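The values are calculated or read from the model by the stated rules, or taken from the named source; none is laboratory data. Small disclaimer: the values here were computed from a predicted structure and weren't measured. A quick note on method: Cβ atoms are made from the backbone with ideal geometry, for glycine too, and the neighbour counts reach across all protein chains shown.
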Amino acid sequence: MEFLSQVAAVAWKDLRVEFRSREILYTMTFFAAMVLLIFSFAFVTREGVVLPDVIPGILWVAVAFSGTLGLSRAFDRERESDTMRGLLLAPCSRTAIFLGKAIGIATFILIVEIVVVPMTAVLFGAPLFDHAVPLVLILILATIGYSVVGSVFAAMLLRTRSRDVLLPVVLYPILVPLLIAGTKATAALLEGAGDPTAVADLDAAYFWIKFLAVYDMIFIATALWTFESLVIE
Amino acid sequence: MKQAMYFVFAGISVLLFFYTIDLIFYGTPLDAGLYFNQKIFYYHVPQAFVLFLAVIVAGVASLLYIKRRDGRYDDVAEAAGEVAVLFGAMMLVSGSIWGKAAWGVWWQWDARLTTSLLLWMLMVGYMLVRKYGGPSADRLAAGLAIFGAVNIPLVYFSVKIWRTLHPEASVVPGLQGSMRTTFWLSVLLFQIVFVLLLIARVGQSRIQRQVREVRERALDAGLLD
Amino acid sequence: MSIRSISVSNVTKRYGLHRALAGVSLELDAGSLCALLGPNGAGKSTLLGILSTLVRASSGQVAYRRDDGDERDPLALRRQIGVLAHSSFMYGELTGLENLAFYGQLYGVAEARARAQALLDDVELDERARNRPARTYSRGMLQRLALARALLHDPTVLLLDEPFTGLDRTGASSLANALADAKQSERILLVVTHDLEAIAGLTDHVVVLKRGKLVHEDRRSQAVGRADELGFSYEDLKTIYHQHTG
């Protein structure tokens, strides 16, 4: 019980700090939008359309890159005024702090997705919202996995000088299955888009949703099991 | 005694090397479609086995290291990480040559190729962390190795479903006669070389660590300033 | 069970091959204020870090003694330790009150908000100040807020690193009063400071660190409530300090 209230305190604190400054949300969203635009230079064909096959990839690259940005900043904040030491001095387990941070970051990423997903749908003419339920499940599950794995590594990198360059180095190899699943699930929803006779491959989408759920469970378990020993000074 | 065993196994691996080379070139039939190029397979697949094994060794050793805080496990993880990068590189090069001959392209996004490449990238990342991670690099690297080892089945599974076209789906169980013997002898050879390299590299890390620990103890005792 | 004494035995701390502490042994008792003196880089902050459980000693032991044995559970231990460090540990975007309420929740303080209000009264941060974001605070206000944070969970052990920095005359004298109260109520106090004048009279135990070694230790028993009589005077402290730091 106390554990949960500590998790909630840390998460709520992160959200409150962010809603006051909005720095992370603004920069993440801007960056994600910029990634979408840059991809449009590469993928918009001479006819002025984008091949439907590449849209899921564009979306997930934008989410993954902007997520890293938010992740570094959210943990960097704990270095100003040394608040991370303030947290570590408190009589709560490291795992509670970790979960609180992960929940905060998951919320930031979800908010960015709320902007970026419709933007992708509008800019690239992708009927992403034809199947809203699986889409929301995909986004939520992928965001949870991303935040858990990301928080583990961002926390471990907190005391490392070259953390900004090392975060993608350690994070992306572990995120590969998650990004594949996210991309493929979204692609399944867009299957045959623009062709009125075709139908979206919902079976494939739900297969990848289950895969994401398994990924999340495996890495939440691994993180909870190892986090305490990984961050001890 | 230990040293003697080491050299005995080193001797065995040298003999096995020549023997497998002989078998590969003179003891096995020429492939009907690929001719000589098929022979890469005898060394290529064992290299991939070593890569996977080394990653798992690094993961398990890292887990033991953070749970028991004993530097000996870290030595093993570091050594396994380096060996994985080495064998992974050999595997990727030999695989590309095979691919050029068999499929006409240097690289194909096949499940196995992609998984191996990702695994190799993971271990290159591991080496980068070791080198540039600063004072807490050992724990960061341990975390990466643990998460990476847990990730192997997920990567393989996701990549496999993503790219269902795997041409030579499973060559190994179908091998016959001399091809079979040659293949498994090569596997044995590479496993022995892996263990020998691992032991040699662990010994090196251990000595470095011991020198560091002696200096630290001397500092603690006030013998050095 | 509250901690009655802390015994530090032969503690060393290395950062790589740099030695910050070299075999320090020390006893800290309840109801006593220990002044930890020494030049910059002597290892004072490192020792404080080790006592606060944040930094792991390279070798040696720290035992936290209760009446019925040693306290080993790190969470129970941290609940009894209050730390004031160089940095304020405050989130700039949150108000002073919100910062304290947040830490109160982490420490499991009952009625965290009310307790925070009471402490803010004690450190004399007025209603307007406590509802302003902490980033707008002056150095002195931040220091007072940080002090309130250290006292929030009513700790038995108080570890204070330069608590007088940034405080004006009234702030310093109310801090000195708070220290005297804490001493009276049998707390363990360790104060790192260069401001010898501020702690004169309160101090009954002086420790000087130099290059990671304990070079001087002196105690004067002090009758309860007679701070003016026995403890170390400003002159005493100055003599000791200059004797070792030149």
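Checking residue C:69 against (1) touching a strand residue (DSSP E or B) at 6+ places or on another chain (Cβ under 9 Å); (2) over 24 Å from residue A:14 (Cβ atoms); (3) more than 7 Å from chain A (Cβ to nearest Cβ), which test does it fail?
(1)
When the stretch B:102-159 is examined, which residues are found to be within 18 Å of residue B:60 (Cβ to Cβ), facing chain A (nearest Cβ under 7 Å) and of a type in the set (Phe, Trp, Tyr)?
B:147
If residue C:87 passes every condition in (1) under 29 Å from residue C:1 (Cα atoms); (2) modelled with pLDDT under 95; (3) within 11 Å of chain A (Cβ to nearest Cβ) but one, which one does it miss?
(1) is the only condition that residue C:87 fails.
Counting only residues that are part of a loop (DSSP other than H, G, I, E, B) and buried (at least 17 other Cβ atoms within 10 Å of the Cβ), which one in the stretch B:133-170 is modelled with the lowest pLDDT? Let's see the steps before the verdict.
Of the residues in the stretch B:133-170, the ones part of a loop (DSSP other than H, G, I, E, B) are B:133, B:163-170.
Of the ones still in play, those that are also buried (at least 17 other Cβ atoms within 10 Å of the Cβ) are B:133, B:163.
On the way: B:133: 88, B:163: 69.
Top of the filtered list is B:163.
Can you tell me which of C:119, C:147 is part of a helix (DSSP H, G or I), away from chain A (no Cβ under 12 Å) and in contact with a strand residue (DSSP E or B) (Cβ under 9 Å, 6 or more places away or on another chain)?
Details: C:119 fails: in contact with a strand residue (DSSP E or B) (Cβ under 9 Å, 6 or more places away or on another chain).
Result: C:147 is the single residue among C:119, C:147 that is part of a helix (DSSP H, G or I), away from chain A (no Cβ under 12 Å) and in contact with a strand residue (DSSP E or B) (Cβ under 9 Å, 6 or more places away or on another chain).
Assess whether residue B:53 counts as being within 14 Å of chain A (Cβ to nearest Cβ) and touching a residue at least 60 places away in the same chain (Cβ under 8 Å).
No; evaluated as a whole, the condition is false for this residue.
Those residues that are more than 7 Å from chain C (Cβ to nearest Cβ), surrounded by fewer than 17 Cβ atoms within 10 Å (Cβ to Cβ) and not small (Gly, Ala, Ser), I need them from the stretch A:1-25; list them, please.
Selection gives A:1, A:3, A:4, A:12, A:15, A:19, A:22, A:23.
What residue, of B:30, B:23, B:53, is farther than 30 Å from residue B:144 by Cβ and surrounded by 15 or more Cβ atoms within 10 Å (Cβ to Cβ)? Don't jump to the end; show me each part of the working.
Values: B:30 fails: surrounded by 15 or more Cβ atoms within 10 Å (Cβ to Cβ); B:53 fails: farther than 30 Å from residue B:144 by Cβ.
From the options B:30, B:23, B:53, the qualifying one is B:23.
Would you say residue A:115 is under 19 Å from the mean Cα position of the chain (by Cα), among the β-branched types (Val, Ile, Thr) and assigned to a helix (DSSP H, G or I)? It would help to see each step written out before you state the result.
On the way: under 19 Å from the mean Cα position of the chain (by Cα): yes; among the β-branched types (Val, Ile, Thr): yes; assigned to a helix (DSSP H, G or I): yes.
Yes, satisfied.
Kindly evaluate residue B:88 against the criterion of being over 23 Å from residue B:123 (Cα atoms) and of a type in the set (Gly, Ala, Ser).
In short, no.
Out of the residues in the stretch C:90-100 that are surrounded by 23 or more Cβ atoms within 10 Å (Cβ to Cβ) and assigned to a helix (DSSP H, G or I), state the one that is nearest to the other protein chains (Cβ to nearest Cβ).
Residues of the stretch C:90-100 that are surrounded by 23 or more Cβ atoms within 10 Å (Cβ to Cβ), as a first pass: C:90-91, C:96, C:99-100.
Going one step further and asking which of them are assigned to a helix (DSSP H, G or I), we end up with C:96, C:99-100.
Values: C:96: 13, C:99: 9, C:100: 11 Å.
The extreme case among them is C:99.
Residues checked against (1) within 16 Å of the chain's Cα centre (by Cα); (2) over 27 Å from residue C:244 (Cα atoms); (3) touching a residue at least 40 places away in the same chain (Cβ under 8 Å); (4) surrounded by fewer than 18 Cβ atoms within 10 Å (Cβ to Cβ):
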position	(1), (2), (3), (4)
C:111	no, yes, no, yes
C:144	yes, yes, no, no
C:153	yes, yes, yes, no
C:160	yes, no, yes, no
C:165	yes, no, no, yes
C:177	yes, yes, no, yes
C:196	yes, no, yes, no
